[in-house]
Every structure is written in structure tokens, then in C-alpha cells.
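Trainee: The structure under discussion is supplied below as C-alpha cells; questions concerning it will follow.
The values are calculated or read from the model by the stated rules, or taken from the named source; none is laboratory data. Nothing here was measured: the structure is a model prediction, and the numbers come from that model. Heads up, the Cβs are rebuilt from the backbone with ideal geometry, glycines too, and the neighbour counts pull from every protein chain shown. For the accessible areas, the whole protein counts, side chains as well, though only heavy atoms, and no ligand, DNA or RNA atoms are used. Shrake-Rupley method; radii C 1.70, N 1.55, O 1.52, S 1.80 Å.
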Amino acid sequence: MDSKIVMLSVLTAFCCNGTAYAQRSVQTLKKNWQFSKGEVFNAKSAENVSVPHDWAIYGPFDRKNDLQVVAVEQNGEKEATEKTGRTGGLPFIGKGVYRTSFEVPDTTGKTVTLVFDGVMSNARVKLNGKDVAAWPYGYNSFHCTVDGTVKPGSNQLEVSCENKDGQSRWYPGAGIYRNVHVVMTDKVHIPTWGTYVTTPKVCKDYATVSLHMKIEGARQFKKWPYGDAVGVKTVIISPDGKEVASDSSTYIARGQDFAQNFLVEKPMLWGTEDPALYIARTTLSVGGKTVDVYDTRFGIRSIEYIPAKGFFLNGEHTKFKGVNNHHDLGPLGAAVNKSALRHQIEMLQDIGVNAIRTSHNMPAPELVELCDEMGMMLMIEPFDDWGFRPKSPNGYGAVFNEWAERDITNMVEQYRNHPSVVMWSIGNEVPSQWGPVGMNELVMLQDLVHKLDPTRPVTCGMDQIRSVLDNGFAAALDIPSFNYKPQFYEDIYKRMPQQMVLGSETASTVSSRGVYHFPLVMPGTNARHTETHPDNQCSSYDNETCSWSNIPDIDFARDDDHDWVLGQFVWTGFDYLGEPSPYDTDAWPNHSSMFGMIDLASLPKDRYYLYRSQWNKKDNTLHILPHWNWKGREGEVTPIMVYTNYPKAELFINGKSQGVREKNNSTWQNRYRLMWMETVYTPGEVKVVAYDKEGRKAAEKTIRTAGKPHHIMLTTNRKSLAADGEDLLYITVQVADKDGNIVPTDERLVKFSVEGCGAFEATANGDAKCLLPFHKPEMKLFSGAATAIVRSGNKPGTLKFTAKASGVKSATISVPVN
Ligand code: GAL
């Protein structure tokens, strides 16, 4: 077999136990692609690449790459201005062509399907010189059957793509940035995304499971009565590997769907704490011979959205403690990597986040699989433009009328078996929400989703509150959800027939990790405070917002005070490439967002701990800000905040009490933060002692002014890596003084090297202004830290990572690769 066929197993998107069945093979085409920039493939200049691949992430950054002259109406702008860095300042616009080849054995009696998890964008696919598929929208998965074109032996695959100017409001990535699979089955088979599993009745004692399926290729057997019969046997396999139900039936093919029903006694439920997963394993047979084995992984769980009462998961009242995330993985760009996604989910779960809104696009299948496995709920959203007056001239609006139905169908068919998906969104801040065209678009999309999946509600993120409350748009949705409207929740609740409200986007608080501006100005009752600074950074006191957004505290209060507030999805969990608000108007080099709780280098900002203090109910949080290295500010007021789940604490500077603070309802922020607004900077030690509800001393924490930079400190997110060539290690690189105190202001350049079983992958420092390339093994620290990402090799052994910088002792770590 050709070396470019790197995986021969059951496709994980359909079949999750990794078992390989003789009747169904999947090749995921990762290695040995050739890529050439431009419209026509140029063999001379083509480079060897692996897929997933993002051609634009290698840069270089340039102001000219994505200069746009626009008025962002959603931000209340009336006049067009020069917008810089809006899509990340990377060279993603243009055309590119990929080529590879793959082998198939004898195709007699077989069906071959190509499945693309996502190509950015306007993909055109040729197999052996013949056009076999085209798909404009870069975020959706698509597939095509290539019988008649595919041949035994080597097959030439060519994928061209094109990103247009003005197609996006954020960094989309470029090229074949998600996986490509070749699926070979018998002619009689279950097609791509061909099953639909539901659990109509879920209770403690039992659950019913209904499995609908399509069966293709069976009508070739014409002899009635039994010649066209397909044996269909499905067994339900429990999370601990036992067969707990089964059904064997006969399907007489007339092109109709087929359904089997099961009773599962004492089901293990899928939940955010314990995400139990079942498999429905379906075996098709013709004349007693097995022709296909298809696994549908699913969860047994109930979801209810109850008027006035809120959202219930398995009968338990549950708030959405959610985040919005764009699809890019910071310095890795859009190229999907499961290990990077797992790291993101782990960080979010440490905060206490229980849900992700895939704003504003279909996710990678790997993300949905991980959410199933790790207990993270999902609101899947396809796009943020419809046909009428789209925000991006060459964005989804340009193809909406022709493609929306197909895009929605693929999205729902692909992901409706996943227990993590608890809601669909059909759009975000679509400009047509104010009028009749928007209503038509809404009804078309929502009806289509209902038809494909009647088990989950539909929502759409709305911002034009006055229009949508009056014109029926908000009332027409299953769930009314709003972006940045906490001030209006009571009004919405009173007026909307659904009797509930969801924050589809909340906060959009802006901050730069480790940067603090003085004097500190806290927002008033409107929870808003806009301020820009000469350094083009935002303050980490979590007091700064955009003109349309607010600090987190008001959203916490809304969630805490009303059952009918379903919860919220914060904008955003992670910083992303593009949209550098409030520094987006002629403010180059700003080119990445400041909205994240976590920065572009996957490093937590202070806000991480503010959310953690409210949302993580298992672990205590006691976090002090700012850092205490303020050379030059001696004697000046330098406020201190503590983010904690404890109600009360006393603060000490160099042993001297600064008083006790207790959370109270006097302002939004006094309810959720402990604040000492008058503290004065003197170098030394800041200590906080926290008290629990009963007034008992519960925890304490100290931070110290760091001395002279002495050595590099390395911290990793994991202890070992898998020898699969895809696993990633995130290494936090910091500088410490001789006593181990982190120097939070250090900005030196650190150089990285990797030896042994792995290779350097990328680096970032979270500075929205930093133009250093992500792929050179060196990075300047920003606020005393940077992240280096290392990729495992394919062979077991040890990986050695070294970081060196002038003026400090270098550091090395070794990690086993198994
Ligand atoms: C919203 C929009 C998001 C993002 C956000 C920034 O209006 O839906 O995509 O732009 O603002 O605050």
C-alpha cells in the first residue's frame, strides 16, 4: 500500500471504537500532498505539505493583507474608516491548488466516497481529471460518491480553493484545513451520516432508543420477494462494552428509510460530569453475508427548555456557563488538531465552562467528538450572514440563496447524533432581523432544522432588540437569544412567548494579559466603560468594554437572579486572529482579539479566574491582581482585586492590613469581586486571607515583587505525549528571579530547540500587536510569558525541549513520547 495512506481504520466520525471492519475502510489522507499557490497547479514551485494545512498562517503579517474600508454597522458605525488587522493581517486571500494520490483495491461491487471535513474555501474537487465536487462554504463538511471515476490502483486527487477579498470578519484560514477521507464500502451500505439516533424517553429506570437509517445500494437486487432483502442487525453497546439491547430485522429496499427501536434498562446518562457514550453497531447482510458494519456513537440524555424555569439536562436545572469560540487555534491557525482542541476544552472546563457556541461556523468533527467525550455542551451555528444586506460582501451572504439549504442539511445530518449538541443556531446578528426579509429567511431555516432534527431547539443571536421584540422575529424562534442585552432581560421575558432568554454573546470585555492601566476607572450602572490607551492594549482590571458590550459582573447577576435566564455564552473563551477591537481603526499592528478569557497563546488572563470563581463549583479560586512589580509607581495608588469564590477576605501589604472586603450588592462588581481601590504600591509582599460563609479562615495566597531575572522556567500542560505525530505539548515559558518568583514584566527574546522524538510546531505570546512569526522557534515574552508548542514524533522515546535567552539561565525539559 502506498505510503501516503496513513490510516486504515473505521472513520472516527462515524465509528468510534477504532475497530477496523473488512467491509468498510477509511483512508484519511494526511501525508504527501503537494500545494501550490495560485490558480493553476505549478509542479515546479509546489511544496510538500501535510493536511490539515493552513497556507496563510505562516505569514508574514502585513497591514496590506486585509486592509478594509468599512463602517461596521453592528458596532454602531455610520461612516466607513480604514480597518486594519480585522482578519488577522495574514495572507489568506487568493487561490491555491492541492494534489495527492491514493490507492484503492478492486472496486467491483464497491462504492467509494470522498469526505471533506472542510476546505477554506470555494473548493473544487477533481478526481482523475474529472470534476467530482464543488462546495463554496469553507466551514462545512461535504462528500461525494465517485463510483465510475475512481479506479483500482492509484487515483489522482486535486483540490482547488479560493478565498476572496471581503469574505470574512475574522481570520478564516486557507486551504485544506480539515481532514480528507476516502471511504470504501460494499455497494449495499449505510451512506455518510446515514443514521439518526434519538432517545425519545429517558428516565432513571429505562430509555428508549430509536435508530433511523438510510440503506443504499440494495435496489440492485430485483428478485421479489426476497431478492432485495437486506438483513439489518443492530446491537446497542453500553459505555462499559456490554451488549444491552439488539434488534434483527429485514429491510426490503424501496429507497425508504428504516428504523429500529430499543429499550435500554438502567441507562448510563450522558452529562457534563459523566459523559457516558453508547454505540449502536449496525450490521447489514445480503444472503447471509455481512456487507457493512456501521457504528453510530450516541448518548442517552434528556434536554428540556421549560418556560419560566429554564434549561434542564437529565431533569437537572442547568445554566449555560458557555463561551463563544472562533475556529482558529491561535498560532496553529485554522489547521485542525485534536490535541490542541482537547487542551482548549481542558482549560475551559477548569474555568467551569459547560458549553461552547461555535461562532459563527460549523465546527470540525474532532471538536464535536471531544465535546461528546469530555462532557461539553454545544450550540452549533453555521454562519453569521444570510442573503439580505450581508456584513461581508463576499461572505456567506453571496451564496446564501443557492446554498443555505444544502449547508444546513449537511450540518444537521453530520452532527445530530452527538449528545453534546443541545441547540442549533441558524445565524448571528443578521442585518435582515429588522424586517420582513429576515422573517422569511428565519422561517425557512428554522423549519428546515426542525424537519431534520425535531429534538433540539433553534435559536439565532440577535442584536437589534427594538426591532426584533416588535416585529415577531424574536417571538418566532424556539429560543430568543441576544447579544449584549442584559439590561433588557426583564423586558424580553415579559414580552416573549417563550418565557425565557439566553445570552448568545455576553461581556465582550477587553483585556491584554498582564497589562494594567492607571488610574483605574470602574464602569457605572450600565456596566460599560470604553477607554483606549497609547500602548494599544486594554487593561486587565476587567473594567474595559466596547461601546456595545459590558463587564462580566452584570451577566453573572442576570444568571444568578432569574431561572428563566438560560445562561450565557461569553464572547470569547479564547482570543482569536482578527477583530482587534477597540484597536481596529487604523491601529496596526493590532491584529488579534482582546475579548478572550484566555489569550492567543492559550495563557489565562485575569478574567479566567473571575469566571472560574463563579463557575467552577469543585475547586476554590483565590487570585490576586495586578502583579506586584511596579518599579516607578512607588507611593502611587495601585488598586488590588481578588477573584475568589469565598465571600470575604482580608488583604495585607508587607504584613500591614489593608482591611476586609466582603461581596455585596452595592454595584455589579462589588457582588462578584473583592476590591481594594486605594492600595498604594510598595515593593514586597501582597497576601490575601479568605474567609468562608461561616467566617472561618479558608485559604490564603501571597504574591511577591520579583527580583532580578535569573533563570527560565518551563511548565507543561501534560506529562507525556502519544507517538502519533499529532499530539501537542504546550509549554509555558517564563523568567523567574533566583527565589523562583515569576518576573511578570520580562520581555526578552527566548529561543527554543527540540531534540529527540518530536519537533517544534509554533509559538505565541498573546500580544495582539506582536508581528513575530508563529513558526520560527523564538518568541519575545509578553507580560513575562510566552507559549511554545511542540509536536510529538511517530516513534516512541524522549522529547527534549530547551529554552535559552541572554542574561538568564536556560532551561530544559524531557517528556516521554509513548
Ligand atoms: C458581536 C458579533 C461577534 C463579535 C463581537 C465582538 O456583535 O456577533 O462576531 O464581532 O460582536 O464584540
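To keep it simple, each residue is scored yes or no on (1) open to solvent by less than 10 Å² (accessible area, probe 1.4 Å); (2) more than 27 Å from Glu162 (Cα to Cα); (3) of a type outside the set (D, E, K, R).
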site: His343; (1), (2), (3): no, yes, yes
site: Pro363; (1), (2), (3): yes, no, yes
site: Pro390; (1), (2), (3): no, no, yes
site: Pro393; (1), (2), (3): no, no, yes
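Trainee: Also: From the residues in the stretch 523-559 that are within 13 Å of the ligand (Cβ to nearest atom) and under 23 Å from Asp586 (Cα atoms), which one is surrounded by the fewest Cβ atoms within 10 Å (Cβ to Cβ)?
Mentor: Here the answer is Ser547.
Trainee: So is Asp739 surrounded by 17 or more Cβ atoms within 10 Å (Cβ to Cβ), more than 26 Å from the chain's Cα centre (by Cα) and modelled with pLDDT of 95 or more or not?
Mentor: Considered against the rule, which asks whether it is surrounded by 17 or more Cβ atoms within 10 Å (Cβ to Cβ), more than 26 Å from the chain's Cα centre (by Cα) and modelled with pLDDT of 95 or more, Asp739 comes out as no.
Trainee: I would also like to ask the following. Among (1) farther than 30 Å from Val790 by Cα; (2) open to solvent by 10 Å² or more (accessible area, probe 1.4 Å), there is one condition Met641 misses while meeting the rest; what is its number?
Mentor: Result: Met641 fails condition (2) only.
Trainee: What are the pairs with Cβ atoms under 8 angstrom where one residue, in the stretch 547-558, is more than 11 Å from Lys485 (Cα to Cα) and in a loop (DSSP other than H, G, I, E, B) and the other, located anywhere, is of a type in the set (Lys, Arg) and open to solvent by 10 Å² or more (accessible area, probe 1.4 Å)? Sequence gap at least six, or different chains.
Mentor: Ser547/Arg528; Ile551/Arg528
Trainee: For the stretch 802-810, does any single residue satisfy the condition of being hydrophobic (A, V, I, L, M, F, W, C), within 29 Å of the chain's Cα centre (by Cα) and modelled with pLDDT of 95 or more?
Mentor: No, every residue in the stretch 802-810 fails to be hydrophobic (A, V, I, L, M, F, W, C), within 29 Å of the chain's Cα centre (by Cα) and modelled with pLDDT of 95 or more.
Trainee: Is there a residue in the stretch 595-609 that is aromatic (Phe, Trp, Tyr) and within 16 Å of the ligand (Cβ to nearest atom)?
Mentor: Checked against the condition, which is being aromatic (Phe, Trp, Tyr) and within 16 Å of the ligand (Cβ to nearest atom), the stretch 595-609 yields at least one hit.
Trainee: Among the listed residues Ser613, Ser592, identify the single one that is crowded, with 21+ Cβ neighbours inside 10 Å, over 25 Å from Leu502 (Cβ atoms) and hydroxyl-bearing (Ser, Thr, Tyr).
Mentor: Exactly one residue qualifies, and that residue is Ser592.
Trainee: Looking for something of a type in the set (S, T, N, Q) and not in a loop (DSSP other than H, G, I, E, B) - is there at least one such residue anywhere in the stretch 265-280?
Mentor: Scanning the stretch 265-280, I find no residue that is of a type in the set (S, T, N, Q) and not in a loop (DSSP other than H, G, I, E, B), so the answer is no.
Trainee: Residue by residue through the stretch 395-434, note down the ones that are open to solvent by 40 Å² or more (accessible area, probe 1.4 Å) and of a type in the set (S, T, N, Q).
Mentor: Scanning the stretch 395-434 gives a single hit, Asn401.
Trainee: Could you please let me know if Glu405 is within 21 Å of Ala134 (Cβ to Cβ) and out of contact with any strand residue (DSSP E or B) (no Cβ under 6 Å at 6 or more places or on another chain)?
Mentor: Considered against the rule, which asks whether it is within 21 Å of Ala134 (Cβ to Cβ) and out of contact with any strand residue (DSSP E or B) (no Cβ under 6 Å at 6 or more places or on another chain), Glu405 comes out as yes.
Trainee: A further question follows. Looking only at the stretch 468-503, count how many residues are farther than 24 Å from Ser547 by Cβ, without any contact (Cβ under 8 Å) to a residue 40 or more places away in the chain and open to solvent by 20 Å² or more (accessible area, probe 1.4 Å).
Mentor: Of the residues in the stretch 468-503, 7 are farther than 24 Å from Ser547 by Cβ, without any contact (Cβ under 8 Å) to a residue 40 or more places away in the chain and open to solvent by 20 Å² or more (accessible area, probe 1.4 Å).
Trainee: Here is a further query. For Ser154, work out the one condition from (1) of a type in the set (Ser, Thr, Tyr); (2) within 16 Å of the ligand (Cβ to nearest atom); (3) assigned to a strand (DSSP E or B) it doesn't fulfil.
Mentor: Exception for Ser154: condition (2).
Trainee: Let me ask something else about it. Please enumerate the residues belonging to the stretch 742-767 that are in contact with a Phe, Trp or Tyr (Cβ under 7 Å, 6 or more places away or on another chain) and in contact (Cβ under 8 Å) with a residue 60 or more places away in the chain.
Mentor: Result: Ala762, Thr763, Ala764, Asn765, Gly766, Asp767.
Trainee: I've got another one for you. Do the conditions hold for Lys776, that is, is it touching a His at 6+ places or on another chain (Cβ under 9 Å) and within 30 Å of Trp588 (Cα to Cα)?
Mentor: no
Yes/no per residue for (1) within 16 Å of the ligand (Cβ to nearest atom); (2) within 18 Å of Met379 (Cα to Cα):
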{"position": "Val430", "(1), (2)": "yes, yes"}
{"position": "Trp434", "(1), (2)": "yes, no"}
{"position": "Val437", "(1), (2)": "no, no"}
{"position": "Glu441", "(1), (2)": "no, no"}
{"position": "Val449", "(1), (2)": "no, yes"}
{"position": "Leu452", "(1), (2)": "no, yes"}
{"position": "Phe482", "(1), (2)": "yes, yes"}
{"position": "Tyr489", "(1), (2)": "no, no"}
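Trainee: Next question. Among residues belonging to the stretch 560-573 that are of a type outside the set (Val, Ile, Thr), more than 11 Å from the ligand (Cβ to nearest atom) and open to solvent by less than 10 Å² (accessible area, probe 1.4 Å), point out the one that is nearest to His533 (Cα to Cα).
Mentor: Here the answer is Gly573.
Trainee: Select from the stretch 633-671 the residues that are touching a Ser or Thr at 6+ places or on another chain (Cβ under 8 Å) and of a type in the set (Asp, Glu) and write down the one among them that is farthest from Phe518 (Cα to Cα).
Mentor: Once the filter is applied, the top-ranked residue is Glu650.
Every residue, every condition in (1) surrounded by 20 or more Cβ atoms within 10 Å (Cβ to Cβ); (2) away from the ligand (no atom under 16 Å from the Cβ), yes or no:
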position: Gln27; (1), (2): yes, yes
position: Val72; (1), (2): no, no
position: Glu82; (1), (2): no, yes
position: Gly89; (1), (2): yes, yes
position: Arg99; (1), (2): no, yes
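Trainee: In this structure, is Thr459 within 16 Å of the ligand (Cβ to nearest atom), among the hydroxyl-bearing types (Ser, Thr, Tyr) and closer than 22 Å to Asn314 by Cα?
Mentor: So Thr459 fits the description; yes.
Trainee: Any idea which of (1) closer than 22 Å to Ser339 by Cβ; (2) over 25 Å from the mean Cα position of the chain (by Cα) is the one Ile789 doesn't satisfy?
Mentor: Condition (2) is where Ile789 drops out.
Okay, residues lined up against (1) modelled with pLDDT of 95 or more; (2) within 24 Å of Lys605 (Cα to Cα); (3) open to solvent by 10 Å² or more (accessible area, probe 1.4 Å):
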| site | (1), (2), (3) |
| --- | --- |
| Ile252 | no, no, yes |
| Met268 | yes, no, yes |
| Val286 | no, no, yes |
| Ile300 | yes, no, no |
| Val323 | yes, yes, no |
| His327 | yes, yes, yes |
| Gly330 | yes, yes, no |
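Trainee: Taking the stretch 483-541 as the region of interest, how many residues are in a helix (DSSP H, G or I) and of a type outside the set (Phe, Trp, Tyr)?
Mentor: Selection size over the stretch 483-541: 7.
Trainee: Take the stretch 441-467 and flag every residue that is open to solvent by less than 50 Å² (accessible area, probe 1.4 Å) and either part of a helix (DSSP H, G or I) or among the hydroxyl-bearing types (Ser, Thr, Tyr) (or both).
Mentor: Matches in the stretch 441-467: Glu441, Leu442, Leu445, Gln446, Leu448, Val449, Leu452, Thr459, Ile465, Ser467.
Trainee: Checking Phe311 against (1) surrounded by fewer than 23 Cβ atoms within 10 Å (Cβ to Cβ); (2) part of a strand (DSSP E or B): exactly one of these is not met. Which one?
Mentor: Unmet for Phe311, out of (1) surrounded by fewer than 23 Cβ atoms within 10 Å (Cβ to Cβ); (2) part of a strand (DSSP E or B): (1).
Trainee: Give the number of residues within the stretch 377-388 that are away from the ligand (no atom under 16 Å from the Cβ) and crowded, with 24+ Cβ neighbours inside 10 Å.
Mentor: Number of matching residues: 1.
Trainee: Oh, and also: Could you please give the count of residues in the stretch 181-230 that are modelled with pLDDT of 95 or more, in a strand (DSSP E or B) and more than 27 Å from Val125 (Cβ to Cβ)?
Mentor: 13
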